[in-house]
Amino acid sequence: MSVSGSIAIAGVHEHETRWAPEKTEIQIMAESARGALADAGLALSDVDGLFAASMSMGAMGTVSLAEYLNIKPRYLDGTNIGGSSFVAHVNHAAAAIHAGLCDVALILYGSTAASNAMAIGTGLGGGSRDPNQAFVGPYGMTTVGSYALVAQRHMHLYGTKSEQLAEISVAMRKHAGLNPNAKMKSPISVDDVLESRMISEPLHLLDCCIISDGGGAVIVTSLERARDLAKPPVVLLGCGEAVAHQEIGAPDLLTLAAKQSGEHALGMAGVSHDDIDFCTIYDSFTITVLSTLENLGFCKPGEGGDFVSGGRIALGGALPINPDGGGLSNNHPGMRGIFLVIEATKQLRGECGERQVAGAKLGLAHGTGGTLGTMHSGATLVLARD
Amino acid sequence: MPPEFTHPKPAASWETRAYWEGAGRHELVLQRCGDCGVVQHRPRAICASCLSSALQHFVSSGRGQVYTFTVTHQNGVPPFRDAVPYVLAYVDLEEGPRLMTNIVGCDPGDVAIGMDVVVDFQDADTSDLGDAGGAFAVPRFRPA
């Protein structure tokens with residue numbers, strides 16, 4: 001029996017907060033756990049696998065979290081590969097459940113990035129006392145700058161336009177307007193994006209994700225068990241992980257981890273791109289979405305600009321992306337991967353109201369962690385209605 | 001021309017200090033494997049192609065072309081906070097490796113992908129190294 005088709009997402013919860021100066025990171029995780037357990041119809045005592053990562057969790061992080069929740073799981077996974085971690089946690093939870101090492105996996109994330117005034121995009125781009133970072137640190141690479149290097153190369157090779165990147169921001173904002181919990185709901189135009197201040201050429205302010213507080217939880221179990229729980233199961237058909245880095249000094253900035261993880265996930269699922277009804281794709285920056293779509297194979301290298309234009313990735317378009325509004329407009333508390341899984345699950349359960357993708361049966365979630373310009377991870381899931 | 005800025009000083013390990021000491025002599029030092037011949041960057045204690053430890057250093061021509069770049073307009077971290085707009089780039093060296101760097105010595109608006117550039121060094125304050133080794137410098141590039 002393969003992992004494919006035997007594991008399911010049984011419960012999810014996206015914490016409603018976007019600004020929580022009165023809450024702690026671990027509190028947001030625990031409140032999210034409460035929400036997801038209620039969603040699944042499970043009790044905390046059912047949890048025997050704990051998976052988590054955060055901006056501040058280090059060694060002993062999952063042990064400390066287990067103490068906070070007063071649980072004694074028999075499987076722990078604190079994998080932290082950046083914002084994609086929680087997509088990878090689903091992959092890891094599936095393997096553990098499939099192997100009989102746990103039955104009910106709880107995946108958690110929480111962050112107070114906004115109320116702690118973390119300047120993730122432009123506040124981390126300086127020197128470092130780590131010798132391994134010394135080939136980057138002296139040069140002032142911001143998070144935005146790392147992605148801008150990719151965007152500039154893409155524009156140079158393929159003639160991609162800022163107007164095309166802006167279409168991605170416009171679509172995400174349109175979606176956020178249909179999401180009651182989204183942080184940024186006022187509609188924006190392509191011109192608004194182009195006229196917003198330049199952060200790192202060619203990326204403007206509105207090409208960049210927002211910063212919010214927030215968190216979420218996902219519960220993974222066997223499909224067999226999930227069928228007896230409160231909500232319709234969402235079945236894991238395929239999964240994959242990958243890394244991309246500077247290699248031995250010849251990084252191709254336009255070949256993302258998504259190429260490898262996507263091929264693996266789609267191959268395992270045995271589905272083609274045309275079968276996919278919608279995607280949730282980590283939209284740290286507009287270029288992230290455009291380049292990820294190419295690397296996942298939804299279009300050829302260089303065709304991303306046309307692919308995202310004309311409302312094709314907005315609700316009602318050929319391939320809706322991030323119906324919740326994504327990191328560009330809904331929420332982005334530092335590491336966003338868990339929301340890709342949550343929104344894909346809700347869409348496949350058909351419970352998204354105004355932002356529901358009509359008839360969604362098959363979705364793809366892809367998380368990116370790290371920075372595209374130096375090193376990053378990718379994790380892909382193919383998920384289906386039972 | 002944008003304001004000149006002082007690069008944060010590089011931190012070196014025993015695996016990487018030949019690179020930084022080479023820069024201190026205003027030489028761009030790269031590694032080549034003595035067994036398989038592959039040039040690798042960043043420097044390591046082992047060849048990531050054949051796992052040999054027989055690594056040799058050689059001096060690069062310091063010539064290359066801009067692979068990609070971004071003009072940075074916002075960075076909250078000193079000294080870059082006061083150095084904007086500055087150019088972050090990858091440069092393809094003649095010998096193969098692609099290095100992250102800054103392009104200096106020209107207006108940021110004049111930088112273009114494919115532009116010919118040559119290495120330039122800014123001496124680093126390594127007074128805290130004591131007698132442990134030679135001076136460091138930070139390699140960056142300017143129009144050729």
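Here is how the numbers come out for the structure above:
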{"item": "Residues (within 14 Å of another protein chain (Cβ to nearest Cβ), touching a strand residue (DSSP E or B) at 6+ places or on another chain (Cβ under 8 Å) and not in a helix (DSSP H, G or I)) located in the stretch A:192-213", "result": "A:SER196, A:ARG197, A:MET198, A:ILE199, A:SER200, A:GLU201, A:PRO202, A:LEU203, A:HIS204, A:CYS208"}
{"item": "Test result for A:ARG153, at pLDDT 95 or above, of a type in the set (Lys, Arg) and either crowded, with 24+ Cβ neighbours inside 10 Å or under 30 Å from B:THR70 (Cα atoms) (or both)", "result": "yes"}
{"item": "Pairs where the first residue, in the stretch B:86-108, is on the phi > 0 side of the Ramachandran plot and the second is among the acidic types (Asp, Glu) and not in a loop (DSSP other than H, G, I, E, B), C-beta under 9 Å, 6+ apart", "result": "B:GLY105/B:ASP120"}
{"item": "Helices (runs of 4 or more DSSP H) lying entirely in the stretch A:269-386 (those with 3 or more residues that are of a type in the set (A, V, I, L, M, F, W, C) and more than 14 Å from chain B (Cβ to nearest Cβ))", "result": "A:286-296, A:337-348"}
{"item": "Number of positions in the stretch A:107-158 that are among the basic types (Lys, Arg) and assigned to a loop (DSSP other than H, G, I, E, B)", "result": "1"}
{"item": "Condition broken by A:SER186, with the remaining ones in (1) in a loop (DSSP other than H, G, I, E, B); (2) of a type in the set (Gly, Ala, Ser); (3) in contact with a helix residue (DSSP H, G or I) (Cβ under 7 Å, 6 or more places away or on another chain) satisfied", "result": "(3)"}
{"item": "All positions within the stretch B:95-110 that are at the interface with chain A (Cβ under 10 Å from one of its Cβ atoms), more than 26 Å from B:VAL39 (Cα to Cα) and not small (Gly, Ala, Ser)", "result": "B:PRO108"}
{"item": "Test: B:VAL91 is more than 10 Å from chain A (Cβ to nearest Cβ) and touching a Gly at 6+ places or on another chain (Cβ under 8 Å)", "result": "yes"}
{"item": "So B:GLN122, is it farther than 24 Å from A:GLY126 by Cα and out of contact with any Leu (no Cβ under 6 Å at 6 or more places or on another chain)", "result": "no"}
{"item": "Tally, over the stretch A:127-140, of residues that are facing another protein chain (nearest Cβ under 7 Å) and either under 26 Å from the mean Cα position of the chain (by Cα) or modelled with pLDDT of 80 or more (or both)", "result": "9"}
{"item": "Residue check for A:ALA358: in contact with a Gly (Cβ under 9 Å, 6 or more places away or on another chain) and free of Cβ contacts under 8 Å to residues at least 60 places away in the same chain", "result": "yes"}
{"item": "Residue check for A:SER189: buried (at least 23 other Cβ atoms within 10 Å of the Cβ) and either over 30 Å from A:ASP252 (Cα atoms) or more than 14 Å from chain B (Cβ to nearest Cβ) (or both)", "result": "no"}
{"item": "Unmet requirement for B:SER61, which otherwise passes all of (1) crowded, with 19+ Cβ neighbours inside 10 Å; (2) of a type outside the set (Val, Ile, Thr); (3) more than 11 Å from chain A (Cβ to nearest Cβ)", "result": "(1)"}
{"item": "Count of the stretch B:4-18 residues which are at the interface with chain A (Cβ under 7 Å from one of its Cβ atoms) and of a type in the set (Phe, Trp, Tyr)", "result": "0"}
{"item": "Count - residues of the stretch B:19-53 that are at the interface with chain A (Cβ under 10 Å from one of its Cβ atoms), out of contact with any Pro (no Cβ under 6 Å at 6 or more places or on another chain) and either in a loop (DSSP other than H, G, I, E, B) or within 26 Å of B:ALA83 (Cα to Cα) (or both)", "result": "7"}
{"item": "Residue within the stretch A:109-119 that is crowded, with 24+ Cβ neighbours inside 10 Å and within 25 Å of A:THR221 (Cβ to Cβ) present", "result": "yes"}
{"item": "Conditions (1) surrounded by fewer than 23 Cβ atoms within 10 Å (Cβ to Cβ); (2) within 18 Å of the chain's Cα centre (by Cα); (3) facing chain A (nearest Cβ under 10 Å); (4) farther than 18 Å from A:GLY126 by Cα; number of the one not met by B:THR68", "result": "(1)"}
{"item": "Any hit, the stretch B:74-88, residues being of a type outside the set (S, T, N, Q), buried (at least 20 other Cβ atoms within 10 Å of the Cβ), modelled with pLDDT of 95 or more and over 23 Å from A:LEU124 (Cβ atoms)", "result": "no"}
{"item": "Criterion: within 27 Å of A:ILE281 (Cβ to Cβ), out of contact with any His (no Cβ under 6 Å at 6 or more places or on another chain) and modelled with pLDDT of 95 or more - qualifying residue of A:ILE120, A:ILE97, A:ILE107", "result": "A:ILE97"}
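Matching residues to (1) farther than 19 Å from A:CYS208 by Cα; (2) without any contact (Cβ under 8 Å) to a residue 60 or more places away in the chain:
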site	(1), (2)
A:ALA250	yes, yes
A:ALA258	yes, no
A:VAL271	yes, no
A:VAL289	no, no
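To keep it simple, each residue is scored yes or no on (1) modelled with pLDDT under 90; (2) of a type in the set (D, E, K, R).
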site	(1), (2)
B:PRO3	yes, no
B:THR6	no, no
B:GLU15	no, yes
B:TYR19	no, no
B:GLY24	no, no
B:LEU28	no, no
B:GLN31	no, no
B:ASP35	no, yes
B:GLN40	no, no
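The values are calculated or read from the model by the stated rules, or taken from the named source; none is laboratory data. Please read all numbers here as calculations on a predicted model, not as lab measurements. Here the Cβ is made from the backbone with ideal geometry for all residues, glycine too, and neighbour counts use every protein chain on show.
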